[in-house]
Structures are given as structure tokens and as C-alpha cells.
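Report on the structure given below.
No lab work stands behind these numbers, since they all come straight from the coordinates. Being a predicted model, the structure only gives us computed values, none of them experimental. A quick note on method: Cβ atoms are made from the backbone with ideal geometry, for glycine too, and the neighbour counts reach across all protein chains shown.
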Amino acid sequence: MLALIKEMDEVLTSLKSADIEAQASEEYRAAIESCKPWLSRSGGSTVPDDFKRIKIVKYEPVFTLTSSTIRLKKRDAGTPKLQMIGEGSYAKVFSFIDPDYGIKFAVKRADKNLTERDLHRFKQEFAILKRLSFPYVVEVYQYDETRHEYKMEYCDTTLREYIKRRNNTLKFPSRKRIALQFLYGINYIHSENLLHRDVSLQNVLVKMFGGGAVLVKLSDFGLAKDKVSEYTRTKTEMRGTIRDPLLSSFKDYGIHNEIYSIGHVLSYIFTGREALMSGTDAASRIVRKCTAHDMADRYQSALEIVSDVEKLEVTPTDSPA
């Protein structure tokens with residue numbers, strides 16, 4: 001046993017000299033420490049009468065690399081208290097503080113007694129968000145099949161509420177940055193062959209940070225559709241706060257209809273008003289091109305809108321966003 005302890009110490013010392021941080025497993029180290037007090041270098045070692053038997057475990061690693069592992073402590077703190085922060089047509093959203101990390105998360109829970117079709121839509125929303133990875137799209141983490149709910153990134157407010165409360169003080173440079181974050185998110189999902197189909201001021205969320213910085217997050221992908229797919233539910237209802245008047249049937253929804261909704265969101269970002277911009281400035285021209293009565297006159301892609309918004313002139317005298 002003494003030779004084994006010596007050999008283990010030498011191995012750890014050699015690894016450390018090679019700049020490799022390692023340690024023996026907790027159970028292994030505990031067993032050795034319990035033997036050290038009665039081990040003798042001569043005459044044999046007498047095992048104490050009260051010595052607890054050591055369980056021998058075969059084929060388990062003895063050493064682990066400390067630089068590549070982390071111990072996660074799960075507290076037995078009971079169930080975190082949920083606070084409802086939003087409600088949609090087929091789900092409710094709650095917030096809670098994770099007791100292990102002290103971080104606020106959100107939970108989106110499907111309403112009880114949903115039809116099979118709506119529950120499928122709810123699960124599809126999670127699946128879509130899970131495969132997306134972009135700073136301006138809300139992040140999801142885990143789906144619970146028993147409760148029909150999933151954990152997601154917490155956002156402080158909606159785009160509508162954020163701008164409404166600050167409309168008198170929000171300067172144009174901040175509005176431009178918010179608009180670009182929104183457009184970058186839209187362009188990303190379009191590059192992933194997705195149409196959101198429910199772009200609205202409620203479905204764009206905002207995370208707030210110190211110093212006035214914000215992060216825009218696209219959410220609510222329950223009606224999202226793969227652009228390259230010919231399949232869509234013919235009974236899917238047309239709903240939402242922004243709807244293209246040129247769209248007669250939801251199954252015919254296309255990129256030009258999405259651009260119409262984008263124009264309304266941009267108009268609200270720049271003015272804080274629900275009515276579309278009607279001025280002659282560059283921002284108004286962008287909005288008018290998004291919402292033109294003739295689809296042929298509209299932008300052909302979100303990337304084109306990004307290009308024009310990036311060209312809007314600003315003065316560097318504003319807080320970050």
C-alpha cells in the first residue's frame with residue numbers, strides 16, 4: 001500500500017511537470033487517506049478493529065484531468081417558484097431563478113388540452129429553435145415531454161414595450177442598432193430556409209444590460225415554415241398583429257409577405273408609433289419599399305434591407321445598444 005501511494009504521488013508529480021493537471025478520483029483518495037494513519041514501514045501494519053471495509057471498484061478511471069472537468073453541485077432546494085410573464089394563444093411563459101446558478105430562465109409551457117395539431121406545432125417550435133444558433137434568436141435548452149414545456153433564455157421585455165417606455169429619449173443611433181439586430185436575425189433565419197410567418201412587435205424580445213446596451217431576440221416560431229418545403233397546413237389560421245393585405249391565404253405566404261411585416265417593425269423602431277412612416281427621409285423610404293402595394297416594388301430579400309439600413313447616417317453621440 002505504501003508503495004502504491006508513492007507510485008501515485010510520482011505519477012501526479014510527473015504529469016504536473018509536463019503541464020498536465022490531474023488528480024485521483026475522490027473515492028480513491030478517500031480510501032488512501034483512511035489507511036495512512038495505521039500503515040507501517042516495517043513489521044507489518046495492523047488494521048484497526050473499527051476500520052471500515054473499502055469497496056473495490058474495478059474498471060473505473062483512477063485519474064481525471066482537472067483542467068477538462070468541472071464539478072456541478074445540484075442543490076436540493078425544491079422546485080423553483082414560477083412567475084407568469086406572458087401568455088399566447090396556446091402556451092404560457094413563466095420565469096424562474098435557477099437555484100444552482102442564480103440565473104433567471106424562462107419556461108414556455110403548452111396549455112392543457114391542446115389539440116394534437118397545436119401540440120405538434122409547439123414541439124416543432126422547440127425543434128426549430130434548438131437547431132438555430134445566432135445572437136439575435138432566442139436560445140432554448142431542454143424539452144420536457146411530461147409537462148410539454150421547454151426551458152429557454154430569459155428576456156426582459158418585448159420590443160413594443162422597450163421602445164414605448166423610452167420613445168421620448170431613444171436617439172436615432174440606438175434605433176438604428178436595434179433595427180440592424182432585428183434584421184440580422186431575420187436574415188439569418190431566412191438563410192436557414194425558414195420563414196417566421198408571425199413577425200410582430202410582441203414576438204421580438206429585448207435583453208437589457210448595463211450602460212444602456214440591449215440585445216434583440218427573435219422568438220415565437222410556432223408558425224415558422226421551411227421555405228423549400230411545399231408542405232403547409234391548409235387550415236393554419238392567419239393571425240398576428242401585422243398581416244400583409246395582399247395575402248389572401250396563409251398557405252401562399254412567401255418572402256414578400258414577410259418583408260411587409262418587417263417594414264412595420266422597422267417603422268415602429270424608428271418612430272415608436274404603430275402607423276407606418278410617411279416622411280421623405282431615408283428611413284421612411286426603406287419602410288415604404290418594404291410595404292409597397294405592388295409586391296414587385298418591395299425588397300427581394302432581408303439582406304437588401306440590411307444594406308440600406310446600414311447606410312443610414314448617424315452621429316456618434318449616443319449610448320450603446
Cα-based Rg of the range 2-68 normalised by 2.2 N^0.38 Å, two decimals: 1.29
Per-selection Kirkwood Rh - the range 72-207 (Cα, Å, 1 d.p.): 16.7 Å
Extension gain, Glu116 back to Glu139 (0.36 nm per residue minus Cα-Cα distance, nm): 5.8 nm
Column: log10 I(q)/I(0), Debye, Cα scatterers of the range 1-134, q = 0.09 Å⁻¹: -0.60
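For a quick check: sort Thr291, Thr169, Thr66 by the number of other beta carbons within 10 angstrom, fewest at the front. Can you show the working numbers first?
On the way: Thr291 23, Thr169 8, Thr66 12.
By the 10 Å Cβ count, ascending, the order reads Thr169, Thr66, Thr291.
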Taking the range 2-68 and dividing mean pair separation by its residue count, relative contact order in percent (alpha carbons under 8 Å, at least six apart): 45 percent
Global size of the chain as Cα Rg and Dmax, reported in angstrom: 28.9, 100
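Which FRET efficiency value, to the nearest 0.05, do you get for Leu303 and Leu12 by plugging their Cβ-Cβ distance into 1/(1 + (r/R0)^6) with R0 = 35 Å?
Working: r = 55 Å, r/R0 = 1.59.
Step by step, r from the Cβ atoms, then E = 0.05.
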Pair-distance profile P(r), taking every C-alpha pair of the range 157-310, with 10 angstrom steps and integer %: 11, 43, 35, 10, 1
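Using helices alone, I'd like the mean residue ellipticity at 222 nm for the chain: each DSSP H run of four-plus residues gives -39500 (n - 2.57), total over residue count, nearest 500.
Working: 8 runs with 105 residues, N = 321.
Value at 222 nm, helices only, nearest 500: -10500 deg cm²/dmol.
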Rh (Kirkwood; distinct C-alpha pairs) - the range 152-205, Å: 12.4 Å
Value of relative contact order over the chain, rounded to a whole percent, pairs C-alpha under 8 Å and six or more apart: 13 percent
Segment Ser278-Ile97, length gained on full extension (0.36 nm per residue, minus Cα span): 60.7 nm
Normalised contact order of the range 157-310, rounded percent, pairs of Cα under 8 Å and 6 or more residues apart: 25 percent
